[in-house]
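Visitor: Quick one: this structure, given as structure tokens, is what I'll be asking you about.
The values are calculated or read from the model by the stated rules, or taken from the named source; none is laboratory data. The structure presented is a predicted model; accordingly, all values stated were derived computationally and were not measured. Counting neighbours? That spans all protein chains shown, and the Cβs are built from the backbone with ideal geometry, glycine included.
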Amino acid sequence: MVDLHSHILPALDDGAKDVDEALQMLRLAKTQGVDTMVATPHYHSAVNTIDTFIQTRNAAYLSLINTIETQEEPVPEIMLGAEVYLTPELAESESLNALCMGRSKGILLEMPYDIWYDWVYKAIYQIAAKNRVVPVMAHLERYSVRPGKMESIEKLIAMNVYIQINAASLFDHSMWKTIKRFFVLSDRIVLASDAHDMADRISLMDQACDKIAKKFGKETLQAVMSNADRLLLENR
Ligand SMILES: [Fe+2]
């Protein structure tokens, strides 16, 4: 199984605080059936250039890989990606391939937390058209808690984007109605952990898979898993 949203790289953002915690997160994911984990540290165009971000990310990755090589316990394969915050500036960039997941065309986009004015939809269209990448909307269900937001979310879904649901959201009552609606509206749903640590924001991938199979059927779960596989295999 693929987990395409995680904060496993050590001492980089609000994810794993050090290599030891990163290793614990990887081992847990492996026991949950995850074979491939995409490391998606936060990227914000107002904070970093893409080049600086990539350098910092690669250094954290190397520190983790060097330790993994000394360990015997199996861990998932790590691919590099980013959780890219949507800004108007981002839409102007023509080098977003560097932020995609592994060697795929999939780019994990984090939507703004305030009102989605027209520029938001235009930016997503522009990003996909200019860079020929496939937008994957990070934890889209989380935006539904604001009153009146569902209409904006459905407008986005109509753009045929991939919808990434956080495993933990399947156990959050406030998200349940939205998640059910997503399964009605879209067949482009992927599940990911968005794991940050071994305490409050832990991976729940195995439990989430069980719940999808129980509530929506095994075929739906299979389709969700296949969507993630397909996203990572879509080479540049
Ligand atoms: Fe995240």
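Visitor: Return the residues of the stretch 1-28 that are free of Cβ contacts under 8 Å to residues at least 40 places away in the same chain and outside any loop (DSSP other than H, G, I, E, B); say none if nothing qualifies. Give the steps one after another, and end with the answer.
Guide: Taking the stretch 1-28 and keeping what is free of Cβ contacts under 8 Å to residues at least 40 places away in the same chain, we get 13, 18, 20.
Scanning the stretch 1-28 gives a single hit, Asp20.
Residues checked against (1) farther than 18 Å from Ala228 by Cα; (2) more than 16 Å from the ligand (Cβ to nearest atom); (3) surrounded by 23 or more Cβ atoms within 10 Å (Cβ to Cβ); (4) of a type in the set (Val, Ile, Thr):
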| position | (1), (2), (3), (4) |
| --- | --- |
| Leu12 | yes, no, no, no |
| Leu23 | yes, yes, no, no |
| Met37 | no, no, yes, no |
| Thr67 | yes, yes, no, yes |
| Leu109 | no, no, yes, no |
| Tyr113 | yes, no, no, no |
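Visitor: Looking only at the stretch 4-22, how many residues end up being modelled with pLDDT of 95 or more and in contact with a Leu (Cβ under 8 Å, 6 or more places away or on another chain)?
Guide: Residues of the stretch 4-22 modelled with pLDDT of 95 or more: 4-10, 16-22.
Imposing the further condition that a residue be in contact with a Leu (Cβ under 8 Å, 6 or more places away or on another chain) reduces the set to 4-5, 8-10, 16, 19, 22.
The number of residues fulfilling the criteria is 8.
Visitor: How do the pairs read when you match residues in the stretch 164-190 that are more than 13 Å from His139 (Cβ to Cβ) and in contact (Cβ under 8 Å) with a residue 24 or more places away in the chain with residues anywhere that are part of a helix (DSSP H, G or I) and aromatic (Phe, Trp, Tyr), using Cβ under 8 Å and keeping only pairs 6 or more apart or on different chains?
Guide: Between residues of the stretch 164-190 that are more than 13 Å from His139 (Cβ to Cβ) and in contact (Cβ under 8 Å) with a residue 24 or more places away in the chain and residues that are part of a helix (DSSP H, G or I) and aromatic (Phe, Trp, Tyr), the close pairs are Phe183/Phe216.
Visitor: Considering each residue of the stretch 71-124, count those that are β-branched (Val, Ile, Thr) and outside any loop (DSSP other than H, G, I, E, B), and give that number. Full working, then the answer.
Guide: Here is the first cut: in the stretch 71-124, the residues β-branched (Val, Ile, Thr) are 75, 78, 84, 87, 107, 115, 120, 124.
So of that shortlist, the ones also outside any loop (DSSP other than H, G, I, E, B) come out as 78, 84, 107, 120, 124.
Count: 5.
Visitor: Which residues, taken from the stretch 19-46, are polar (S, T, N, Q) and either within 16 Å of Ile107 (Cα to Cα) or touching a strand residue (DSSP E or B) at 6+ places or on another chain (Cβ under 9 Å) (or both)? Don't jump to the end; show me each part of the working.
Guide: Within the stretch 19-46, the subset polar (S, T, N, Q) is 24, 31-32, 36, 40, 45.
Gln32, Thr36, Thr40, Ser45 - these are the residues of the stretch 19-46 that are polar (S, T, N, Q) and either within 16 Å of Ile107 (Cα to Cα) or touching a strand residue (DSSP E or B) at 6+ places or on another chain (Cβ under 9 Å) (or both).
Visitor: So, in the stretch 208-236, exactly how many residues are assigned to a helix (DSSP H, G or I) and touching a residue at least 60 places away in the same chain (Cβ under 8 Å)? Walk me through it before giving the result.
Guide: Initially, the stretch 208-236 is screened for residues assigned to a helix (DSSP H, G or I), giving 208-216, 218-233.
So of that shortlist, the ones also touching a residue at least 60 places away in the same chain (Cβ under 8 Å) come out as 209, 225, 227-229, 231-233.
Result for the stretch 208-236: 8.
Visitor: If you go through the stretch 184-204 one residue at a time, do you hit one that is surrounded by 14 or more Cβ atoms within 10 Å (Cβ to Cβ), out of contact with any helix residue (DSSP H, G or I) (no Cβ under 6 Å at 6 or more places or on another chain) and farther than 26 Å from Pro41 by Cα?
Guide: Scanning the stretch 184-204 turns up no residue that is surrounded by 14 or more Cβ atoms within 10 Å (Cβ to Cβ), out of contact with any helix residue (DSSP H, G or I) (no Cβ under 6 Å at 6 or more places or on another chain) and farther than 26 Å from Pro41 by Cα.
Visitor: Provide a single number: the residues in the stretch 137-169 that are touching a Phe, Trp or Tyr at 6+ places or on another chain (Cβ under 8 Å), buried (at least 19 other Cβ atoms within 10 Å of the Cβ) and either over 21 Å from Ile107 (Cβ atoms) or acidic (Asp, Glu) (or both).
Guide: Within the stretch 137-169, residues that are touching a Phe, Trp or Tyr at 6+ places or on another chain (Cβ under 8 Å), buried (at least 19 other Cβ atoms within 10 Å of the Cβ) and either over 21 Å from Ile107 (Cβ atoms) or acidic (Asp, Glu) (or both) number 1.
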